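Right, one structure below, let's go through it.
The values are calculated or read from the model by the stated rules, or taken from the named source; none is laboratory data. As the structure is a prediction and not an experimental result, all values here were calculated from the model. Neighbour counts are summed over all protein chains in view; Cβ atoms, including those assigned to glycine, are modelled from backbone coordinates with ideal geometry.
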């Protein structure tokens, strides 16, 4: 198995282990928790919104958030990771976030684009040339309908639970730190 395949396969496991490290070293305060919460929430909701626009059938998504960016779920992940780093309020949190994001997400985006280009050809290439890769382009969004079954099928609600769990741990750690002082 190639290194890139292994990295893709273990991306979540490595991310969860690194999250534990971030939470151990975190030094949250009211400001970092507040900003981290809103970043986590924003990223979670953006991912959820994106998942609801995944088409059923033999096509690739082009409406809703996918008309603003080819990888809205990755952008949501970026906001979530940044929220964890900010909430952790420690240099370790920021370093892990930056290194993890650089190590895993460009490769995932490239693999996805190659797969879609191979599968859909010119149709995908034309759309990709008009759509930002990562950061959503503020423009008129292509209409589409949010599909709750796609959202539920992909169990995207787990990301919101994860975000709330992280915030709860940071708040608990902050409260325990304040009580010890």
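Residues considered: 81, 36, 76, 88. Of these, the only one that is crowded, with 19+ Cβ neighbours inside 10 Å, at negative phi and over 15 Å from the mean Cα position of the chain (by Cα) is 88. Pairing residues of the range 6-24 that are at negative phi and modelled with pLDDT under 90 with residues that are assigned to a helix (DSSP H, G or I) and surrounded by 13 or more Cβ atoms within 10 Å (Cβ to Cβ), at Cβ distances under 6 Å and at least 6 apart in sequence or on separate chains, gives 11/104. State yes or no: is residue 50 part of a helix (DSSP H, G or I), surrounded by fewer than 19 Cβ atoms within 10 Å (Cβ to Cβ), modelled with pLDDT under 95 and out of contact with any strand residue (DSSP E or B) (no Cβ under 6 Å at 6 or more places or on another chain)? Spelling it out, it is not the case that residue 50 is part of a helix (DSSP H, G or I), surrounded by fewer than 19 Cβ atoms within 10 Å (Cβ to Cβ), modelled with pLDDT under 95 and out of contact with any strand residue (DSSP E or B) (no Cβ under 6 Å at 6 or more places or on another chain). Within the range 1-47, the set of residues being out of contact with any helix residue (DSSP H, G or I) (no Cβ under 7 Å at 6 or more places or on another chain), part of a helix (DSSP H, G or I) and more than 19 Å from residue 99 (Cβ to Cβ) comprises 5, 30, 31, 34, 38, 45.
The numbered conditions (1) within 16 Å of the chain's Cα centre (by Cα); (2) crowded, with 19+ Cβ neighbours inside 10 Å are all true for residue 67 except (1).
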